[in-house]
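The structure appears right after this line, and notes come after that.
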Amino acid sequence: MKFWKIPALKASFEHARMLTAHYSKSFYISAKMLPASKRWATYALYGFCRYADNLIDNPRNRSKDEILHEIDFLAHEIRCAYNSGESEHPILQPFIYVAKKYGIPIEYPLDLLKGVKMDITQKRYDTFDDLYIFAYRVAGVVGLMMTHVLGTKSDEAFIYAEKLGIAMQLTNILRDIQEDKNMGRIYLPQEDLQRFGLTEKDILNEQMHPKMRKLMQFQIRRAHSYYEHANKGIHLLERDAQFAIYSSSKIYHGILRKIEARNYNPFLGRVYVPQLKKVGILLQEIIRTRLFVPNYIPAPLKLEYNLVDEKRA
């Protein structure tokens, strides 16, 4: 029997599907194009990640300590579920089944929860190395878990999956500078602000001047370099799933292009890629990867310089 139709699991898998459809229409459309087993496994994975994010994105009337306790409880339940192979938690039930089926290491969901806790307890990052830890936990491990589900031709794919997760999280940070500072968070490393002669006040007061523009150019080039590195490894995924990651990379990369088109000003409201454009990219990648170009390897992006240092590359 197909695992998403197992009577004891059917309701929880359907719940995960509905969460995906509700919170990410673009991701849902992309997932629907995957083979059935990968599609339903992706719903389970997304459901868990979304639930974890919502603990802080939708704090309800709970205090900081209560939310941290809730995250710790979820981590404890994950450990128990990995040991027993099952859970009655409506979100963990399908996720644990998928994690065991596809060999997802327990460290990945636990690292994700550590990243969620960081978003509550840490509002500033001194260095890019510090920020990288956060980006790895909230996005890099998501790429790694997805790689287990989508299937690979080589274990090298996991290296590139981490880098794509980092690229996407850096893009989120650059897109949401205004929104985040209004909530008291500044993700841009303090060392980078100092390098360009800026302080937190420049961000808090939305001061868009040449120094801020140079900082944004620097940050965007850094993100570009991670996309460049990551895109080289997407062809290592099984062919029936490559389109999903190529399109995700292109869509997120498009957010950086939108910021550039605004002359690097992050204080003009959130930029986004229109839904029709997203669908067009998705269809283009389905046609290209499934019908015309086997083992496609993209040409490297043309950058002025590459900021991925050797130890991370």
Hey, does the range 192-207 have a residue that's in contact (Cβ under 8 Å) with a residue 24 or more places away in the chain, in a helix (DSSP H, G or I), assigned by TED's automatic domain parsing to the domain that holds Tyr132 and of a type in the set (A, V, I, L, M, F, W, C)?
yes
Is it the case, given these coordinates, that Leu68 is crowded, with 17+ Cβ neighbours inside 10 Å and closer than 22 Å to Met146 by Cβ?
no
Identify all residues within the range 91-131 that are in contact (Cβ under 8 Å) with a residue 24 or more places away in the chain, within 15 Å of Leu45 (Cβ to Cβ) and not in a helix (DSSP H, G or I); write none if there are none.
Ile91, Gly103, Ile104, Ile106
Output for the range 258-277, where each listed residue is exposed (fewer than 13 other Cβ atoms within 10 Å of the Cβ), in a helix (DSSP H, G or I) and modelled with pLDDT under 95:
Gln275, Leu276
Scanning the range 230-250 residue by residue, the ones that are part of a helix (DSSP H, G or I), out of contact with any strand residue (DSSP E or B) (no Cβ under 8 Å at 6 or more places or on another chain) and crowded, with 22+ Cβ neighbours inside 10 Å total 10
Members of the range 39-71 that are of a type in the set (Ser, Thr, Tyr) and touching a residue at least 24 places away in the same chain (Cβ under 8 Å)
Thr42, Tyr43, Tyr46, Tyr51
I'd like the residue in the range 173-185 that is within 30 Å of Met146 (Cβ to Cβ) and surrounded by fewer than 18 Cβ atoms within 10 Å (Cβ to Cβ) and, out of all such residues, is modelled with the lowest pLDDT.
Met183
Among the residues of the range 194-219, which ones are crowded, with 19+ Cβ neighbours inside 10 Å and of a type in the set (A, V, I, L, M)?
Leu198, Ile203, Met212, Leu215, Met216
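Table: residues versus (1) farther than 26 Å from Tyr252 by Cβ; (2) surrounded by fewer than 17 Cβ atoms within 10 Å (Cβ to Cβ); (3) among the aromatic types (Phe, Trp, Tyr); (4) at pLDDT below 95.
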position: Ile96; (1), (2), (3), (4): yes, no, no, no
position: Tyr102; (1), (2), (3), (4): no, no, yes, no
position: Gly143; (1), (2), (3), (4): no, no, no, no
position: Val149; (1), (2), (3), (4): no, no, no, no
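The values are calculated or read from the model by the stated rules, or taken from the named source; none is laboratory data. As the structure is a computational prediction, the values presented were derived from the model and not from experiment. Glycine also receives a Cβ, built like all others from the backbone with ideal geometry; neighbour counts cover every protein chain displayed.
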